[in-house]
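Colleague: Structure incoming, see below.
No lab work stands behind these numbers, since they all come straight from the coordinates. In this text the structure is predicted, and so the values were computed from the model without any measurement. No Cβ is skipped: glycine too gets one built from the backbone with ideal geometry, and neighbour counts run over all protein chains shown.
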């Protein structure tokens, strides 16, 4: 176990960072080329999929590094939703039943989404309001992330997962005006759509959401890092009162405190990724809850400071700061709020609530 | 109703402030002369006692102003414990039964203490662990404030108040090593002491504690004001890096924020005092809870900043800052913590807790 | 003039100008001429030279009569008018104040620049004398209502060779003059409340200068002081507050409640109540003629509370917090905190600690002017503006 | 030298010096001479010139043998020794390091002054050359262990006519010399961990100068860097932490629980865990030979957490939080955070953000050295020390 980045992880980071620098910039839409390049050329789509199914057989540690970089660029790609959440849900099912799909996901031929509200808490996932009768599924699921670009929807049902093709005539996916314009949520309507039901391990949905939450912390870390870096860069250049604004002590102290929060976030993220890479255990649960309780607020704090300390320019649509603010705020809600994760520690760390 | 200070209140403040400046300094013990001068010469002992019983017939508004000044000097006098808490408890009893005692209190001939733990919350006062049989009382009450200098103890019992002479052979009052060295708490042991039981209005204990809590906020305001003033004064004088330390922006911003907290505390205190002066109502309850929820933390924050921003000197016994820190911290616990008062607002302001 | 005399005056005015039959604009002009516009202004300029606290009575007595649309004239009323009154020539007062008050001529403020925000005095917009005219070149930003305005209050640099505070002159800018270009500025909420204003070879007659040449910084202080009073005084006016609205959501939707959120809501509610009381006490002080330094703090409190509360609300709403009401790019005239959705409140509240003086600048002001803490070492004192780093 | 060689060396040493029969001080001296004191020091000076990460193995192999009392020698070990090693003459190294390590001679630090705290370089203690000696006059403060010490590391001003950083010289102060007076300094906890040290006409031989005349500020940087490493590295060592202890109280005493306290405890627990992980990651970086800038931040984190947690604990305990264990004025050698009561922890933790560099100074350091933000305008640069305002 290590809280540092391995050499392989550093290489993966460099590859992702170079590609992102080359092909996109904050706020740019993806015409499909970006995800294709990431998914296939670097192979991030199959990072968590075993080698025998065409994936890289890597672990949460490597996925975390990719998410840091995606957070740094608020890139509009379905890595978290397809390659982490949906993939993890599928890995809890019988390989014989979902192996084909995983193989397609691994090479980026297919993109999936776990059809749950993005705000679902791993500690009390809302039962989706769907009805299954034989191989036909109906219902509505609101605020699903990644559904707009998925060709396969995985709908949690009592028996496990319902695998539904997004182009089924009974499926309507309606993107909704979203706070986070770089990761739009959608309403999924199922009207007697064809579904293939595959069984999963018990608790698979909760575990998938917790796994995703633990990795989301790394995206939050990336957001916070970009916000700190860009703020420091701006304050070094911006002059007011014939001094660089970054020489004013009150701002320096605030940024020093923010840096400390981020240092803590990095340690917590590495710990969560490392624990998740070692399998699903009590200490992994604690690590996820700690990382989410800390990092969600750190990303929001960093983005808020970024907007404030950029002054007026940070309030404009033209400057990218707002993209990070919106992503950070949406991420704070996604997969459990910091409060939900703290609350989970009442049990996990034996800190009982008042009777 | 007004949130300002009246002319009479300004005059009372000036009289108390002059007397305190003349006769004491932070940390000085009272050999009895200080309280005597305050109680009799200025008449603060009988401030809340009706004129027909020899008091000043004044209201919570005037008592609040006295407490601001006592907070500013952390003066070791039993105004809060005798002239506010105990007096208020007696005023809820039948005047025919306690008139004599109130007359003695009014002129400072006698000093009383309400024998409850100083940390008692008005929202869940702990039933004192005492047994009464006919006119004889036994039991123990821990951490009572003001008992060490009281000659009359008022012990809450089921029927109302047991009035017990502190020099009764069955009474032992043992001062305990206290965090707040300017207001020591004591253990009260009652071993078959003679008691006179007087009936009080129902809910009188809760109301007395809430009344005291509402006024304690003004003491906390006074503490915070002294801490801010002395810190500002020090930072204007102290030079480091060839500049007054008070010219460093990070400190200026912290003190500006602290000043704002204190401005809010003053408004909240005036409101609580004004509401309490107008009688006991739902809005008085809200005003007390708001004042305590805000002011307890403000005093502690001010005292902590005072110690920190004085640097090393603030950590020494010789400098008075620590007296304010200890008083502020003890006051935060006294008569309900800020959290207790916030919790009360769940009902009072109709903000219900989760089911 | 006591209250009775005021009542009589209003009654006499109404007897002469029946609001039901008089043309609304004629009614407003007549009200101005009768000295019943702003009674604390001097006679002949829409007022009667009365104390400021007589105004509410007049407004109350004239409720229901034609209105001058306070939103449209806010900047004219709150910033331009007091400055013109203090520094304008008799001709300027006569020319500008009446149509300003009636709303016939809307005003905007041309102060901030991309390179001069908190450090307004470092502004770079140049005004060069050319006979009886000034030629103005530069760029202003954060100008609300520029596209609706007839006039703008403008600060420009007339002497780059002296230290920054000394080379500024204050003008009234003709927004219809050639060379004035107004472009909407889109904000993070999606809409454009503000504009950028580009000034290219704009010719302003010297009649439009307000105050002495080089005295513009002092003139601008009057404007800025009135701006802060306007922001501070207009704070928690309405009964419905952001926290009050969140509390209603809390009461109506028990399924959203958690202990984490509950504890935070209780804190917010206390802070909101403390702010309300602080504002109430400040208004009592003002009414008693003792404007305390608390005024400087109200905007800080307001920004902090709004930002915390709106952030809390988005989190409280969970699924719904992920949504937004409308990103379309359009002009908007103001801030509808309570009428729009949580996401808008969250984003718009971010501006509360920037617009009209950042919270950082306000903390400096509190620390120096209220607490008397020493100022920081100044590196731009006594340096000619043209030699300052930018 | 690999682990096996180290093991052999220790075994050979133990074979020659049976800890059961050797006098404890003789044993320590022999251990030093065998190079097994601090193996990362050079041969002949108690070490073997090995990498620092070999030390734990040696300590482990020698566990149970006579000990040099790490508490007593902490300042010597953590601050004096690295400085002597870096700047001392051969004679000084030979003279001072052995008795320092064995604990025969205790060291203290004479840096801070009443007028020179955060701005240490403004120090006013004077050292004036007199032949082969220096005569020292001044006052130092916050000196722990001064009354037990044989030697002190001292910075004094030898040239008041040059800017403050350039006129300082570093000395080893003979604490037994005439004119050295040590007075205990009582703290807000009631006890005296520290001293004031008055230096009046103290004569120090020039042999006791460490480094060049006027080079004392640079020499002191070595000391201060090692102090911060010592504070940062020694942080959350033990398994039992302040928050862990509070959590135990929470578990054992359900009657103390409220939702307010519960939510705050959960936050504290998360912060404590994040700090633990930050420290663990920092140690991994150090072990890998990449000491990250995180080190500068550990002390800040530690102070903040300790202060919050201890304040929380007093509130949690209510009645008991009003009590204190002991106000008696006595000397104490250290900080027993976990062994004493809540009130002590609350008061003592206040020092965590002052001692060894205030949190304000540490934030400056992080902002400038880690984030690369520009320094503030300096008003004391290039000004002779004697002309500075004080």
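Colleague: With angles folded into 0 to 90 degrees, how steeply does helix B:282-309 sit against the dominant principal axis of chain B? Use alpha carbons for both and round to 10.
Modeller: 50
Colleague: Using a Gaussian network for chain B with springs between C-alpha atoms less than 10 Å apart, which of these wobbles most: B:244, B:50, B:156?
Modeller: Maximum fluctuation in the GNM of chain B, among the listed residues, is at B:244.
Colleague: Let me ask something else about it. Return a whole-number percent for the relative contact order of the stretch C:3-102, with Cα pairs under 8 Å and 6 or more residues apart as the contact set.
Modeller: Once divided by the residue count of the stretch C:3-102, the mean separation gives 26 percent.
Colleague: Over the stretch C:80-169, what per residue volume does the convex hull of the Cα atoms give, in whole Å³?
Modeller: 117
Colleague: When each pair of different Cα atoms in the stretch C:107-222 is counted once in the 1/r mean, what is the Kirkwood radius in angstroms, to one decimal?
Modeller: Computed over Cα pairs of the stretch C:107-222, the Kirkwood hydrodynamic radius comes out at 14.0 Å.
Colleague: Quick check of the Kirkwood formula: for the stretch A:1-123, what is the inverse mean of 1/r over all pairs of different Cα atoms, in Å?
Modeller: Every distinct Cα pair counted, the radius reaches 14.8 Å.
Colleague: Still on this structure: Between residue D:60 and the same site in the other copies, what are the distances in nm, shortest first, taking label points 7 Å from Cα along the C-beta direction?
Modeller: Taking the point 7 Å beyond Cα along Cα→Cβ, the inter-copy spacings are 8.4 nm.
Colleague: Which distances in nm, rounded to one decimal and ordered from shortest, link the label point of residue D:12 to the equivalent label points in the other identical copies, with labels set 7 Å from Cα toward Cβ?
Modeller: Those separations, rounded to one decimal, come out as 11.8 nm.
Colleague: Next question. I'd like the per residue volume of the convex hull spanned by the Cα atoms of the stretch C:3-102, given in cubic angstrom.
Modeller: 92
Colleague: How high is the relative contact order of chain A? Use alpha-carbon pairs under 8 Å, at least six apart in sequence, and give a whole percent.
Modeller: This gives 18 percent for chain A.
Colleague: For chain B, take the longest principal axis of its alpha carbons; what is the angle in degrees between that and the long axis of helix B:338-348, to the nearest 10 within 0 to 90?
Modeller: 70
Colleague: Another question, if that's okay. With contacts defined as alpha carbon pairs under 8 Å and 6 or more residues apart, what's the relative contact order of chain D in percent?
Modeller: Relative contact order comes out at 13 percent.
Colleague: Could you give the alpha-carbon Rg of chain C over 2.2 N^0.38 Å, rounded to two decimals?
Modeller: In units of the 2.2 N^0.38 Å rule of thumb, it is 1.08.
Colleague: Taking every alpha carbon pair in the protein assembly as shown, what does the distance histogram look like in 20 angstrom bins from 0, in percent?
Modeller: Using 20 Å bins, I get a P(r) of 8, 30, 35, 22, 4, 0 for the protein assembly as shown.
Colleague: Could you check which residue among C:76, C:321, C:357 shows the biggest mean-square fluctuation in a GNM of chain C with a 10 Å Cα cutoff?
Modeller: C:321
Colleague: Could you work out the helix-only [θ] at 222 nm for chain A, with each DSSP H run of four or more residues adding -39,500 (n - 2.57) and the total divided by the number of residues, to the nearest 500 deg cm²/dmol?
Modeller: Here the helix-only value at 222 nm equals -15500 deg cm²/dmol.
Colleague: Within 10 Å of each residue's Cβ, count the other Cβ atoms and sort B:8, A:137 from fewest upward.
Modeller: Exposure proxy ranking, most exposed first: B:8, A:137.
Colleague: Something else now. If eta is 1.306 mPa s and T is 10 °C, what Stokes-Einstein diffusion coefficient results for chain A, Kirkwood Rh from Cα pairs, in µm²/s?
Modeller: 77
Colleague: Roughly how many Å is it from the Cα centre of the stretch A:30-44 to that of the stretch B:21-56, as a whole number?
Modeller: Cα centroid to Cα centroid, the span is 80 Å.
Colleague: Further question on the same structure: For q = 0.12, 0.13, 0.23 Å⁻¹, what log10 I(q)/I(0) does the stretch A:101-215 give under the Debye formula with an equal point scatterer on each alpha carbon and no solvent?
Modeller: Here the Debye-derived log intensity ratios amount to -0.39, -0.46, -1.49.
Colleague: Under the definition of partner shielding as Cβ atoms of other protein chains within 10 Å of a residue Cβ, what is the mean value for peptide C:182-193?
Modeller: 3
Colleague: Ratio of alpha-carbon Rg to the 2.2 N^0.38 Å globular estimate for the stretch B:205-294, to two decimals, please.
Modeller: Output field value: 1.41.
Colleague: Give me A:219, D:104 sorted ascending by neighbouring Cβ count inside 10 Å, so fewest comes first.
Modeller: If I rank by nearby Cβ atoms, fewest first, I get D:104, A:219.
Colleague: Quick one: with label points 7 Å out along Cα→Cβ, list the inter-copy distances for residue C:161 in nm, shortest first?
Modeller: 4.3
Colleague: Could you tell me how far the Cα centroid of the stretch D:36-106 sits from the Cα centroid of the stretch C:257-326, in Å?
Modeller: If you average the Cα positions of each part, the centres end up 58 Å apart.
Colleague: Additional query: Compute and list, largest first, the equivalent-ellipsoid semi-axes of the stretch A:228-355 from the alpha carbon gyration tensor, each √(5λ) rounded to a whole angstrom.
Modeller: 34, 15, 13
Colleague: Continuing with the same structure: Along its principal axes, what span do the Cα atoms of the stretch B:65-135 show, with the longest given first and each in whole Å?
Modeller: 43, 30, 18
Colleague: At 222 nm, what value in deg cm²/dmol follows for chain D if DSSP H runs of at least 4 each add -39500 (n - 2.57) and the sum is divided by all its residues, to the nearest 500?
Modeller: Rounded to the nearest 500, the figure is -12000 deg cm²/dmol.
Colleague: Debye calculation, C-alpha points only, no solvent: report log10 I(q)/I(0) for the stretch D:234-357 at q = 0.18, 0.20, 0.22 Å⁻¹, in the same order as the q values.
Modeller: -1.01, -1.18, -1.34
Colleague: Let me ask another. List D:278, D:65 from most exposed to least, where exposure is judged by having the fewest other Cβ atoms within 10 Å.
Modeller: By the 10 Å Cβ count, ascending: D:65, D:278.
Colleague: Here's something else I'd like to know. So for the stretch C:340-390, what percent of the C-alpha to C-alpha distances run longer than 15 Å?
Modeller: Percent of Cα pairs beyond 15 Å in the stretch C:340-390: 67.
Colleague: A further question follows. Taking 4 °C and 1.567 mPa s as the conditions, I'd like the Stokes-Einstein D for the stretch A:236-280 in µm²/s, using the Kirkwood hydrodynamic radius from alpha carbon pairs.
Modeller: Taking Rh from Cα pairs, D becomes 101 µm²/s.
Colleague: Where does helix B:60-73 land angle-wise versus the long Cα axis of chain B, in degrees 0 to 90, nearest 10?
Modeller: 50
Colleague: To continue, here is another question. Among B:275, B:220, B:249, whose mean-square fluctuation peaks in a Gaussian network model of chain B (Cα, cutoff 10 Å)?
Modeller: B:249
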